[in-house]
Amino acid sequence: MSTILVSNFAQDKVEVLSLLNSLSKNYRFYLHSQALMESEFTPVGNNDIEKKKSTDKFTKRLRAMSVDMDALHKIRSSIISLKNDFLTAYKLSSNELGYNCLAKLYASLDYYVKEYGKLVKQQQKKNPELWESVEEFSVLNDLNVFDMMKRDFDYLEPVIIERQEHSKKQWPDFVPRKEIKSSPEWEVVKEKYKEQMKKMKEDNAKK
């Protein structure tokens, strides 16, 4: 298989990679909310004393929101950190086992997206100013990760078939121990997905 196909496939044709690439390049998503809000803050007042009071009030609000800002940043960082794992898995997948590995990554993303959605929703009433800084990413709340995975797998299957054909030409005498499948075994994929979601919930419940 050509290098060009791998490059185009990994970077441009897969929804999850397009999403993660977009988020990782958007400073409003990867930057800590405190740093973002500080960079956009302008003291108000007609003199230095009034501006100092405005700054002190803002600093006090930042301290009050620090726990929530840290929690949001932690989840955003976790979402972005999946990008390289997805990229590696897509580049290396060459049979049905690749789908199973990817299912765990999609489940991890699903968990983080749901947790992020819960936190963002809480801020709408609790910390309106923090909500405004993350509101544009509330679209993640409507993301159906499992359906996105199915669409991505529809794209992956012909790529895997091509990879297998390439391997047969490169190693014509190689005889596999069992049939190498190119399509996902959906019952197994769903089970891996559920297992990973459960594991993520249990692991985070311990923290």
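Data overview
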| item | result |
| --- | --- |
| Full-extension gain in nm, Phe58 to Lys118, via 0.36 nm per residue minus C-alpha separation | 19.1 nm |
| Solvent accessible area, Å² - Phe146, 1.4 Å probe, full protein context | 50 Å² |
| Rounded tilt (10° steps) of 3-12 against the dominant C-alpha axis of the chain | 40 degrees |
| Residue-level accessible surface for His73, protein heavy atoms, 1.4 Å, Å² | 50 Å² |
| Estimated FRET transfer efficiency when R0 is 25 angstrom, pair Ser22-Asn204 (beta carbons, to 0.05) | 0.50 |
| Neighbourhood net charge (9 Å Cβ-Cβ; Lys/Arg +1, Asp/Glu -1) for Val145 | -1 |
| All lysines inside 28 Å of Lys125 as judged from Cα atoms, apart from same-chain residues fewer than 8 positions distant | Lys51, Lys52, Lys53, Lys57, Lys60, Lys74, Lys114, Lys201, Lys206, Lys207 |
| Residue-by-residue Karplus 3J(HN,Hα) for the range 25-41, coefficients 6.51, -1.76, 1.60, Hz, glycine and proline x | 9, 9, 4, 5, 8, 7, 7, 4, 4, 5, 5, 5, 5, 5, 5, 9, 7 |
| Reciprocal mean inverse distance between Cα atoms of the range 51-143 - Kirkwood radius, Å | 15.3 Å |
| Debye-sum result for the range 93-155 in log10 I(q)/I(0), which assumes one identical scatterer on each alpha carbon, at q = 0.17, 0.18, 0.23 Å⁻¹ | -0.64, -0.69, -0.89 |
| For the range 154-163, Karplus couplings with θ = phi - 60° (6.51, -1.76, 1.60), whole Hz, Gly/Pro x | 4, 6, 5, 4, x, 5, 5, 4, 5, 5 |
| Translational diffusion of the range 1-122, µm² s⁻¹ [Kirkwood Rh, Cα pairs; Stokes-Einstein; 25 °C; 0.890 mPa s] | 143 µm²/s |
| Glu115, Glu191, ranked by accessible area, largest first (probe 1.4 Å) | Glu191, Glu115 |
| Kirkwood estimate for the range 34-93, i.e. one over the average of 1/r between Cα atoms, Å | 14.3 Å |
| Listed residue (Asn95, Val67, Thr55) projecting farthest to the positive dipole end of the range 21-107, Cβ model | Thr55 |
| Computed log₁₀ I(q)/I(0) - Debye formula, equal Cα scatterers, no solvent, the chain, q 0.09, 0.17 Å⁻¹ | -0.47, -1.14 |
| Heavy-atom accessible area per residue - the range 49-146, 1.4 Å, Å² | 52 Å² |
| Solvent-accessible area, 1.4 Å probe, carbon plus sulfur percent, for the chain | 52 percent |
| Phi-based couplings in Hz for the range 108-123 (Karplus 6.51, -1.76, 1.60; Gly and Pro marked x) | 4, 4, 4, 4, 5, 4, 5, 5, 5, x, 5, 5, 4, 4, 4, 6 |
| Computed [θ] at 222 nm, helices only, for the chain once each DSSP H run of length n ≥ 4 contributes -39500 (n - 2.57) | -26500 deg cm²/dmol |
| Test item: Cα-centred dipole of the range 29-138, Lys/Arg +1 and Asp/Glu -1 on Cβ, debye | 300 debye |
| Theoretical FRET efficiency, 1/(1+(r/R0)^6), r = Cβ-Cβ of Glu191 and Asp70, R0 30 Å, to 0.05 | 0.30 |
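The values are calculated or read from the model by the stated rules, or taken from the named source; none is laboratory data. Nothing here was measured: the structure is a model prediction, and the numbers come from that model. All Cβ positions, even for glycine, are placed from backbone atoms using ideal geometry, and neighbour counts span all protein chains on display. These area figures cover heavy atoms from the full protein model, side chains too; ligands, DNA and RNA do not enter into them. Shrake-Rupley method; radii C 1.70, N 1.55, O 1.52, S 1.80 Å.
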